[in-house]
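*Asks:* Here it is, the structure in full.
The values are calculated or read from the model by the stated rules, or taken from the named source; none is laboratory data. These figures come from a predicted structure and were not determined experimentally. Counting neighbours? That spans all protein chains shown, and the Cβs are built from the backbone with ideal geometry, glycine included. Only protein heavy atoms, including side chains, enter the accessible area calculation; ligands, DNA and RNA are left aside. Shrake-Rupley method; radii C 1.70, N 1.55, O 1.52, S 1.80 Å.
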Number of protein chains: 2
Amino acid sequence: MEDPVLIEVLRGRSVESRHAGAFAVVDADGGVVLSAGDIGRPVFPRSAVKVIQALPLIESGAADRFGLEEAELALACASHSGEPAHVAAAAAMLRKAGLEPDCLECGTHWPSNSGAARALARAGEEPSALHNNCSGKHAGFLCTACATGHAPAGYVRAEHPVQEMVREALESVTGAPLAPEDRGTDGCSIPTYPIPLRAMARGFARIGSGEGLGTARAAAAARLRAAVAAHPFMVAGSGRADTRIMEALGARAFVKVGAEGVHCAALPELGLGIAIKCDDGAGRGAELVMATLLRRLLPLDDAAREALRPLAEPVLRNWNGIEVGSLRAAGPLAA
Amino acid sequence: MEDPVLIEVLRGRSVESRHAGAFAVVDADGGVVLSAGDIGRPVFPRSAVKVIQALPLIESGAADRFGLEEAELALACASHSGEPAHVAAAAAMLRKAGLEPDCLECGTHWPSNSGAARALARAGEEPSALHNNCSGKHAGFLCTACATGHAPAGYVRAEHPVQEMVREALESVTGAPLAPEDRGTDGCSIPTYPIPLRAMARGFARIGSGEGLGTARAAAAARLRAAVAAHPFMVAGSGRADTRIMEALGARAFVKVGAEGVHCAALPELGLGIAIKCDDGAGRGAELVMATLLRRLLPLDDAAREALRPLAEPVLRNWNGIEVGSLRAAGPLAA
């Protein structure tokens, strides 16, 4: 395992577990400002790049044609927790495009927010595809298909024009060629392509600054970032790191989690992008790398620093609320 | 990170994530039959050693005095999923000792079985400490306290006579000294002490064969193993690896998971014990190491081999049921 340990999990005074990984902090030209581990190895970005995957929704004119609201644009970039506001916004997006929820091809799962899942059960209901954490992104894909005159059915397939647009956006923003032979299938059934962390971070630097994107794409990226900054609840949900970070930092950081330990961010005021991969896929590891880097890179006032503290200095409590351990930065991340 | 990669997680044809770790396969004398990684480093065994922690329940005479049934003894060794049969058995154990559920000091959480959690919510109920995955172990502690004339209150504290008995059992069975200064607090609030994998595996070899335990302790271990072999559902729950493995292998393997990527087993017919730690704490990694070692070490008929296949060759499916990836043994585990 060539990557260094970045995070240690302590119980009492002993290290119980540890997470190795890599991260890249990069400018819009691809210049590496800070890094650890192998940032050239291709990594599946999973949901971390939803903001890039949502660019065609703006660029195609679909968002304007269907009068999507800011909260709905934020949901198009989201891995949401399936809470009522998320579900309602996804349904509204589809309604505006004249579609029904059964057009969603992302599959169904219970809300990841356990309270929302139990509330659904308590009401005697079952989840639908609207509760899928990707339903906003998929509603955006469907809006894009409708606005560009393409059949919505099969919009998740790599050959569908919507996925071609998404692929072009990913390739052009990150500068990384996406090889069809390396294509994987994501949890929500759309294609996912491995991209080196360095290119991913460069893509986020561009998403943040607009640099190198061209006028229309830069405007689309700015519009999506503004939407998420205004509605950080929509991009994740109650208690989730991305929501809490953007509630604290507003438009100063666009932060997005991906499955299997991926986390990306754009820091517009610094012109930098961040891409993190926890090698073992642990979200808790990637999240703490992100919180640590944000505290290090961004000048923060006391309120913002205080708001980030629970994420940057996580304490582990057991079922009785007793403090039993903590997580801390290690190795090159602690340096 | 000195330990080798033991497990790779694939998406499409690419490795998406990987788990480093260590494992020890050891006989009752401490002879190492097979190993990888650092097996001398102390590791918190967490719930993997519940069968050892349950020895005083038998040895003190508490199990006989209160007429505990086999299923209840299995539950005393369990990290259960909070399904109705688990909850009922924990309540029955307490009733037999004349205690109420509010004597449990393990804390409360929703059942880890999501169906059971939703059923509880659907019924308008809230979880109690009986739903805590450790409630059977704690009910056993309480039975032991009552049978030995000690006050039940505070039975989770390191100084309580029950925890002294548990500590003696752990130290004596594994042969590892348990240092008070390294003591951590477990999820259910009892003490947990770091133990090297090699000693843990030796302890399980002894639990399986009785060798080196003395007559009474060997009989207690055999009784607990038989109870779990007869009631594998009680030790974990629906769909869980430990339950499935012991449903397939019966008394040929006693297998027990612990939090943070620990997995232990006793293989009586071979006189061997297994102890595994996935360094990053991932249960999916430890579980696949266990399934791989069981298939390698035990002669299996076709039915048993087939029953273990989903655990030993796990396939990843997405929300639409599409096969998107797999997990496989790597490095020294694949050799």
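*Asks:* If Lys and Arg each add +1 and Asp and Glu each add -1, what is the summed charge of the other residues whose beta carbon sits under 14 Å from the beta carbon of B:G187? Working shown, then result.
*Replies:* Details: positive: A:R11, A:R317, B:R46, B:K50, B:K137; negative: A:E16, A:E323, B:E105, B:D186, B:E260.
Net of charged neighbours comes to 0.
*Asks:* Can you list, shortest first and in nm, the gaps between the label point of B:V32 and those of its counterparts in the other copies, using a point 7 Å from Cα in the C-beta direction?
*Replies:* Label-point distances to the other copies, shortest first: 3.5 nm.
*Asks:* State the answer as a single residue: which of A:Y193, A:L94, A:A123 lies farthest towards the positive end of the charge dipole of segment A:24-282, with beta carbon charges of +1 for Lys and Arg and -1 for Asp and Glu, about the Cα centre.
*Replies:* A:A123
*Asks:* I would also like to ask the following. Protein chains only, probe 1.4 Å: how do B:R122, B:R65 rank by accessible area, largest first?
*Replies:* Details: B:R122 110, B:R65 155 Å².
Largest accessible area first, the list is B:R65, B:R122.
*Asks:* Let me ask another. Mind checking the dipole of segment B:24-282: about its Cα centre, +1 per Lys or Arg Cβ, -1 per Asp or Glu Cβ, Debye to the nearest 20? All intermediate terms of the calculation are to be shown ahead of the outcome.
*Replies:* Numbers: 23 positive and 28 negative charges, 71 e Å.
It comes to approximately 340 debye.
*Asks:* Binning at 5 Å from 0, report for segment B:189-314 what percent of all alpha-carbon pair distances ends up in each bin.
*Replies:* 2, 11, 20, 25, 22, 13, 5, 1, 0
*Asks:* Using r as the Cβ-Cβ distance of B:E181 and A:A179, and R0 as 51 Å, what FRET efficiency do you calculate, to the nearest 0.05?
*Replies:* Details: r = 53 Å, r/R0 = 1.04.
Working from the Cβ atoms, E equals 0.45.
*Asks:* I've got another one for you. Most fluctuating residue of A:R183, A:R13, A:R118 in a GNM of chain A with Cα springs under 10 Å: which is it?
*Replies:* A:R13
*Asks:* Assuming 0.36 nm per residue, please report the length gained on full extension of the stretch B:V33 to B:D301 beyond their Cα-Cα distance. Spell out each step's value before the answer.
*Replies:* Details: separation 268, 0.36 × 268 = 96.48 nm, distance 2.30 nm.
Gain in length upon complete extension: 94.2 nm.
*Asks:* Now for a different question. So the label point goes 7 Å from the Cα of A:R317 along Cα→C-beta, right? Which residues of segment A:1-36 then have their backbone N under 20 Å from it?
*Replies:* So the set is A:9-13.
*Asks:* Relative contact order for chain A: what percent, with Cα pairs under 8 Å and sequence separation of 6 or more?
*Replies:* Details: 744 pairs, mean separation 84.1, N = 335.
Computed over chain A, the figure is 25 percent.
*Asks:* With r as the distance between the Cβ atoms of A:T108 and A:S326 and R0 = 60 Å, compute the FRET efficiency 1/(1 + (r/R0)^6) and round to 0.05. All intermediate terms of the calculation are to be shown ahead of the outcome.
*Replies:* Details: r = 37 Å, r/R0 = 0.61.
Once the sixth-power term is evaluated, E becomes 0.95.
*Asks:* Express in Å², to the nearest 10, the accessible area of A:E2 obtained by rolling a 1.4 Å probe over the protein heavy atoms while all chains stay in place.
*Replies:* 110 Å²
*Asks:* Then there's this: Where does helix B:197-209 land angle-wise versus the long Cα axis of chain B, in degrees 0 to 90, nearest 10?
*Replies:* 70 degrees
*Asks:* Just by accessible area at a 1.4 angstrom probe, what is the order of A:F233, B:F44 from largest to smallest?
*Replies:* Values: A:F233 65, B:F44 5 Å².
Per-residue accessible area, sorted high to low, gives A:F233, B:F44.
*Asks:* Let me cross-check B:D182: its accessible surface, 1.4 Å probe, with only protein heavy atoms counted, in Å² to the nearest 10?
*Replies:* Looks like 40 Å² after rounding.
*Asks:* At A:A219, label 7 Å along Cα→Cβ: distances to the other copies, nm, ascending?
*Replies:* Here the equivalent label points are 8.6 nm apart from this one.
*Asks:* Place a point 7 Å from Cα of B:A88 in the direction of its Cβ. Which residues in segment B:231-272 have their backbone N less than 14 Å from it?
*Replies:* The answer is B:234.
*Asks:* Right, another one. State, to one decimal in nm, how far the label point of A:A230 lies from the label point of A:R309, with both points 7 Å from Cα in the Cβ direction.
*Replies:* Calculated label separation equals 3.3 nm.
*Asks:* How many nanometers, to one decimal and shortest first, lie between the label point of B:P180 and those of its other copies, if labels sit 7 Å from Cα toward Cβ?
*Replies:* Nearest first, the other copies' label points are 6.9 nm away.
*Asks:* Select from segment B:169-245 those GluC sites (Glu not before Pro) which occupy a DSSP coil region and have at most 16 other Cβ atoms within 10 Å, ordered by residue number.
*Replies:* Numbers: sites: B:E171, B:E181, B:E211; in loops: B:E211.
Qualifying residues, ordered by number: B:E211.
*Asks:* Counting only Cα, what are the radius of gyration and maximum Cα-Cα distance Dmax of chain A, in Å?
*Replies:* 19.1, 61
*Asks:* With every protein chain in place, what's the accessible area of B:W319 (1.4 Å probe, Å², nearest 10)?
*Replies:* B:W319 exposes around 130 Å² with every protein chain in place.
*Asks:* Can you pull the one-decimal nm distance between simple spin-label points at A:E211 and A:A251, each 7 Å off the Cα toward Cβ?
*Replies:* 1.9 nm
*Asks:* Determine the per residue accessible area of chain A with all protein chains present and a 1.4 angstrom probe, expressed in square angstrom.
*Replies:* Details: 11220 Å² over 335 residues.
On a per-residue basis, chain A sits at 33 Å².
*Asks:* Under a Cβ-only charge scheme (Lys and Arg +1, Asp and Glu -1), can you give me the dipole magnitude of the protein assembly as shown about the Cα centre, in debye to the nearest 20? Walk me through the numbers before you get to the answer.
*Replies:* Numbers: 66 positive and 76 negative charges, 8 e Å.
That gives a dipole near 40 debye.
*Asks:* For a Förster distance of 45 Å, can you work out the FRET efficiency between the beta-carbons of A:A334 and A:E125, rounded to the nearest 0.05? Each step should come with its number before you reach the end.
*Replies:* Values: r = 46 Å, r/R0 = 1.03.
After rounding, the FRET efficiency stands at 0.45.
*Asks:* List the cysteines of chain A that have no other Cys Cβ closer than 4.7 Å: which are they?
*Replies:* Flagged as lacking a Cys partner: A:C77, A:C103, A:C143, A:C146, A:C264, A:C278.
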